[in-house]
1. Hand me the chymotrypsin sites (Phe, Trp or Tyr not before Pro) from the range 1-91 located in a DSSP loop with no more than 13 other Cβ atoms within 10 Å, in residue order please.
2. At what distance in nm do the modelled label points of Asn62 and Arg48 sit from each other, each positioned 7 Å from its Cα along Cα→Cβ?
3. Provide the gained length on full extension for the span Tyr19 to Ala75, in nm with one decimal, where the gain is 0.36 nm per separating residue minus the Cα-Cα distance.
4. Full-extension gain between Glu115 and Thr86, please, as 0.36 nm times their residue separation minus the C-alpha to C-alpha distance.
5. Which order results if Ser112, Ser28 are arranged by neighbouring Cβ count within 10 Å, fewest first?
6. Could you derive backbone 3J(HN,Hα) for the range 6-16 from the dihedral phi with the Karplus parameters 6.51, -1.76 and 1.60 (θ = phi - 60°), listing whole Hz in sequence and x where the residue is Gly or Pro?
7. Using only alpha carbon pairs under 8 Å that are at least six residues apart, calculate the relative contact order of the range 13-115 and give it in whole percent.
Amino acid sequence: MFDQQTVEMLLVGVWDTLYMTVVATFFSYVFGMIMGVVLVVCRRDGIRPNALVYNVLDVVVNLTRSFPFLILMIAVIPFTRFLVGTTIGNNATVVPLVLAAAPFVARLVESSLLEVDHGVVEAAQSMGSRQLGNLRKGHAAGAQFVTSHELRAPFIQMNNKASNAAVTDEHIGAFP
């Protein structure tokens, strides 16, 4: 049905999409979990309230989540060039993918940690748990931290955006 050249081209496209999806999902989980934990810790009723950090990070997460991906991809071209050295290719596409998905993961982590009953956190504090231990023993232990839905949603979103990025990469990345 397909000639050899078409099959090779399809295999390269599938590999590129999987590479961008897996690498970007990994970094999105790493940065998103950090941002989600910081949002929970720094909120008004958090372990270490810090209004400035919370408000700045909250605005960054909200703005980044509402940005259309293709516009974000174009807007971060200078940052991508600085970070990766190019604006074309798989590695360059990972940067806007991570910037688009990490805030999404941050909200998932934040909502999971905020679902923990406050009594669990108080029990950890009453047993002498310090701030980091309180986060680890109280919040994380009580949270249904990573459900299958929460793992699937960013991965599916990343795969969708990676496919879009692969199609537009040669055209958008060619801008100076």
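1. Counting only loop positions with at most 13 other Cβ atoms within 10 Å, the chymotrypsin sites (Phe, Trp or Tyr not before Pro) in the range 1-91 are Phe2.
2. According to this spin-label approximation, the distance is 2.4 nm.
3. Answer, rounded to one decimal: 17.9 nm.
4. 6.3 nm
5. In increasing order of surrounding Cβ atoms, one gets Ser112, Ser28.
6. Rounded to whole hertz, the list is 5, 4, 4, 5, 5, 5, 5, x, 5, 4, 4.
7. 44
Coordinate-derived values only; no laboratory data. Bear in mind the structure is a predicted one, so any value in this text is a computation, not a measurement. Methodologically, a virtual Cβ is constructed for each residue, glycine included, from the backbone with ideal geometry; neighbour enumeration extends over all protein chains shown.
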